[in-house]
1. What number of residues in region 37-53 are in a loop (DSSP other than H, G, I, E, B) and modelled with pLDDT under 85?
2. Name every residue in region 45-67 that is surrounded by 10 or more Cβ atoms within 10 Å (Cβ to Cβ) and closer than 13 Å to Leu34 by Cβ, in order of residue number.
3. Looking at Ala33, Ala14, Ala3, which one is at pLDDT below 85, at negative phi and touching a helix residue (DSSP H, G or I) at 6+ places or on another chain (Cβ under 6 Å)?
Amino acid sequence: MDALLDPQLKRMNAEWCDRTSLKKKISQNSQGALKVMRIMFFSQNGLVLGHLMPTGMMVNGHYYFTLLQDKVKS
């Protein structure tokens with residue numbers, strides 16, 4: 001998150017200090033490695049479908065429904 005938009009960081013930067021004192025450095029969180037989500041469907045016989053989610057997609061009931069309808073249907 002940008003330091004200019006985060007209210008907590010704004011408050012920390014607004015502290016009064018003497019002109020001769022050093023300004024505190026406030027670290028920002030960097031974006032970590034992207035995670036990969038895999039959806040797996042099993043039956044009593046084992047794995048039916050393993051599917052990698054596209055980046056940025058939300059998983060909801062409609063997504064599961066269309067995935068199963070398209071991939072598992074025989």
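1. Residues of region 37-53 that are in a loop (DSSP other than H, G, I, E, B), as a first pass: 37, 44-45, 53.
Filter again for modelled with pLDDT under 85, leaving none.
The number of residues fulfilling the criteria is 0.
2. As a first pass, look at region 45-67 and keep what is surrounded by 10 or more Cβ atoms within 10 Å (Cβ to Cβ): 48-51, 53, 59, 63-67.
Within region 45-67, Met53 is the sole residue that qualifies.
3. Details: Ala33 fails: touching a helix residue (DSSP H, G or I) at 6+ places or on another chain (Cβ under 6 Å); Ala14 fails: touching a helix residue (DSSP H, G or I) at 6+ places or on another chain (Cβ under 6 Å).
Within the list Ala33, Ala14, Ala3, the selection yields Ala3.
The values are calculated or read from the model by the stated rules, or taken from the named source; none is laboratory data. Predicted model, so just to flag it, every value in this text is computed and none were measured. Here Cβ is always computed from backbone atoms with ideal geometry, including for glycine, and neighbour counts include all displayed protein chains.
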